[in-house]
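K.L.:
Take this structure, written in structure tokens, and hold onto it; I'll ask about it next.
The values are calculated or read from the model by the stated rules, or taken from the named source; none is laboratory data. Please read these numbers as outputs of a predicted model, since none were measured by experiment. Cβ placement follows ideal geometry from the backbone for every residue including glycine, while neighbour counts extend to all protein chains displayed.
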């Protein structure tokens, strides 16, 4: 059965009753009509109808890419293979830039505007992690298989469908496999892509997350610190009484948790996390150093500032107490190192890119929801560019965990959704 009749039938029902856009104060009639007209074109319809078949062959790509480890700052092997896959999908203008981003430009019929569609190459897992894919009960298990390796496969299938369907766009389309989205990568790939003097990008579509109904138009900002406490250090017996950096840091984390828990109960939504701890040389040595890495998040930079203030006050309080209690030795000192700073911001719901994404979501039978997330789209949103994040498709769980899994349940829908939003944004050529 062709996709088009189903899309148009869904639209008649959903457009009449779904409240999501009404609640957002938007009228999407014009956008739905434009998407319906776009989907009726023979070339676009052919591309859409090809996608389920492409998905049946996509598992091999997903397994191959997943099993090429890609820790932050070590994405080069996966980048090289992904570049080859993009060429195999029919894209001829493929390159890897100075920081390791894979770029594949599909030329439009007019020079000028460019729409970027981006998935990230890196995973959160350190070098040495076993990334072998295992199959169990219809699911594929491996670290990073969903986040965001499946996003890379979605880009491949969008490119294949456009090429095989013969869809030509007015604007250029830039397919991007970005580096440094996770952890201490701090969005370095997209920061480089959107630098002054970099390639022109007018609209930005990130592929991340798993929802087929969510349209992310809010950038969830984050600030990340490594807090280090230093002291003289010594023998656990002979130098007992020296101030202990680990004791001080543990006390500071307790105070921070108490204060920050109160802040996050107030709007706007915020979170905090002490993610890593380290320091010391031996069980029988007073440490000369201890450290912690802390993540603070909110769509509101004021909330981030409040939690950061709570962190600094907790550190000051704990160090004062430890220093006063010491029997001898120099005082403890603390240092804050900013190791990540993801900007926040919002793309207005009335923005055409957001409206197109919501309209396509409705046509596919979902009640669209606007949302917030921390993705590659944070950078363009903070720069004032139209940007959204769409889901990678299928079903999954355990993101950022060693037991992460993904299953191909209706995975083609996300590819169709991304293709329609992308082509509607780039403009189809006559």
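K.L.:
Does residue 368 satisfy being modelled with pLDDT under 95 and either surrounded by fewer than 16 Cβ atoms within 10 Å (Cβ to Cβ) or closer than 30 Å to residue 413 by Cβ (or both)? Write out each step before concluding.
P.N.:
Details: modelled with pLDDT under 95: no; either surrounded by fewer than 16 Cβ atoms within 10 Å (Cβ to Cβ) or closer than 30 Å to residue 413 by Cβ (or both): yes.
No: the conditions fail for residue 368.
K.L.:
Something else about it: Do we find that residue 73 is assigned by TED's automatic domain parsing to the domain that holds residue 374, farther than 28 Å from residue 198 by Cβ and either out of contact with any strand residue (DSSP E or B) (no Cβ under 6 Å at 6 or more places or on another chain) or not in a loop (DSSP other than H, G, I, E, B) (or both) in this structure?
P.N.:
Values: assigned by TED's automatic domain parsing to the domain that holds residue 374: yes; farther than 28 Å from residue 198 by Cβ: no; either out of contact with any strand residue (DSSP E or B) (no Cβ under 6 Å at 6 or more places or on another chain) or not in a loop (DSSP other than H, G, I, E, B) (or both): yes.
When the stated conditions are applied, residue 73 does not pass them.
K.L.:
Mind checking which residues of the stretch 236-252 are assigned to a loop (DSSP other than H, G, I, E, B) and either at pLDDT below 95 or under 25 Å from residue 313 (Cα atoms) (or both)?
P.N.:
241, 243, 244
K.L.:
Given the residues 388, 423, which is the only one that is within 19 Å of the chain's Cα centre (by Cα), modelled with pLDDT of 95 or more and either closer than 22 Å to residue 377 by Cβ or crowded, with 24+ Cβ neighbours inside 10 Å (or both)?
P.N.:
388
K.L.:
Determine which member of the set 293, 308 is surrounded by 15 or more Cβ atoms within 10 Å (Cβ to Cβ), farther than 16 Å from residue 245 by Cβ and touching a strand residue (DSSP E or B) at 6+ places or on another chain (Cβ under 9 Å).
P.N.:
308
K.L.:
Test of understanding: among 225, 255, which residue is at pLDDT 95 or above, closer than 30 Å to residue 334 by Cβ, under 20 Å from the mean Cα position of the chain (by Cα) and not assigned by TED's automatic domain parsing to the domain that holds residue 379?
P.N.:
On the way: 255 fails: under 20 Å from the mean Cα position of the chain (by Cα).
Result of the check over 225, 255: 225.
K.L.:
Here is a further query. If you check 189, 180, which single one turns out to be in contact with a helix residue (DSSP H, G or I) (Cβ under 6 Å, 6 or more places away or on another chain) and modelled with pLDDT of 95 or more?
P.N.:
On the way: 189 fails: in contact with a helix residue (DSSP H, G or I) (Cβ under 6 Å, 6 or more places away or on another chain).
Unique residue meeting the criteria: 180.
K.L.:
Give me the residue from the stretch 55-83 that is surrounded by 20 or more Cβ atoms within 10 Å (Cβ to Cβ) and over 20 Å from the mean Cα position of the chain (by Cα) and, out of that set, farthest from residue 422 (Cα to Cα).
P.N.:
By that ranking, first place goes to 61.
K.L.:
Looking only at strands (runs of 3 or more DSSP E) that lie completely in the stretch 289-394, which have at least 3 residues being touching a helix residue (DSSP H, G or I) at 6+ places or on another chain (Cβ under 7 Å) and touching a residue at least 60 places away in the same chain (Cβ under 8 Å)?
P.N.:
Once the strands (runs of 3 or more DSSP E) in the stretch 289-394 are filtered for at least 3 residues that are touching a helix residue (DSSP H, G or I) at 6+ places or on another chain (Cβ under 7 Å) and touching a residue at least 60 places away in the same chain (Cβ under 8 Å), what remains is 289-298, 333-342, 387-390.
K.L.:
Scan the stretch 44-64 residue by residue and report those that are touching a residue at least 40 places away in the same chain (Cβ under 8 Å) and outside any helix (DSSP H, G or I). Step through it out loud before you land on a result.
P.N.:
So in the stretch 44-64, the residues touching a residue at least 40 places away in the same chain (Cβ under 8 Å) come out as 44-52, 54-55, 58-59, 61-63.
Scanning the stretch 44-64 gives no hits.
K.L.:
Next question, about the same structure. For the stretch 270-284, state whether one or more residues are at positive phi and in a loop (DSSP other than H, G, I, E, B).
P.N.:
yes
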